[in-house]
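Some notes on the structure that comes next.
The values are calculated or read from the model by the stated rules, or taken from the named source; none is laboratory data. From a predicted model like this one, the values you see are computed outputs, not experimental measurements. Glycine gets a Cβ as well: all are built from the backbone with ideal geometry, and neighbour counts include every protein chain shown.
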Amino acid sequence: MKQFVVIGCGRFGSSVARTLYSLGYDVLAIDENEDVIQTIADSVTHAVQVDATDETSLKSLGIRNFDVAVVTIGSDIQSSILITLIAKELGIKYVVAKAQNELHAKVLYKIGADRVVFPERDMGVRVAHNLVSSNILDYIEVAPDYSIVEISALKEWEGKNLKDLNMRAKYGINVMAIKHGSEINISPNALDMIGKDDVLVVVGHNDDIQKIEQRI
């Protein structure tokens, strides 16, 4: 299972950290503000107050062992660049960084960021998908060709289990979680049933997800 470290737990960073944790992943949240850390502590695997621009401190936390780093310090451009550089130099394979503007993004890519996000722009993508299909509740691009999507269960899925639906073969998607009201099953098995008004968290190639959108 992939392990994520989220550096900077403002509104965007804390949302990323909480979402990843709710999907069943190990998440280390880092912020220099003790109050922020106390607020998010119960919503992630570990939360640590530390100055992330201090390479020695990050080394001591063992972040080199994490698969993905998400650097969400966008307002302090200098710190954002420095932390992204440190994360890459420590050997983290995939680093996602939040950018303030195009120039900031160019610098982040030049120093090794694997992906740069603009939260406002990404939110526009989500809104666009919601407008196209009311069943698409949320849309997160995790790679150039792959996305995680929250989708309301189709009528034809209701009353059937995951084995019968065979989502991977029929639709090219994998079901990561099933939401039923306030409950969430983050490790559904083949015999779990899809009920009316359930929400599925799925991951798949953008082309396959688009085909599902067109069926709705």
List the helices (runs of 4 or more DSSP H) that sit entirely inside segment 36-138 and contain at least 3 residues that are closer than 22 Å to Tyr25 by Cβ and modelled with pLDDT of 95 or more. 77-89
Can you work out which of the residues in segment 165-183 that are loosely packed, with under 15 Cβ neighbours inside 10 Å and out of contact with any Asp or Glu (no Cβ under 9 Å at 6 or more places or on another chain) is modelled with the lowest pLDDT? Ser182
When the residues of segment 23-42 are narrowed to those that are crowded, with 16+ Cβ neighbours inside 10 Å and over 18 Å from Phe66 (Cβ atoms), which ends up nearest to the chain's Cα centre (by Cα)? Val36
Single match in Asp67, Asp31, Asp26, Asp42 (criterion: outside the structural domain of Val202 (by the TED database) and over 30 Å from Val202 (Cβ atoms)): Asp31
What number of residues within segment 15-35 satisfy the criterion of being over 20 Å from Ser182 (Cα atoms) and assigned to a helix (DSSP H, G or I)? 2
Can you confirm whether Ser57 is of a type outside the set (Val, Ile, Thr) and surrounded by 14 or more Cβ atoms within 10 Å (Cβ to Cβ)? yes
If we keep just the residues of segment 141-164 that are surrounded by 14 or more Cβ atoms within 10 Å (Cβ to Cβ) and among the small types (Gly, Ala, Ser), which is farthest from Phe118 (Cα to Cα)? Ala153
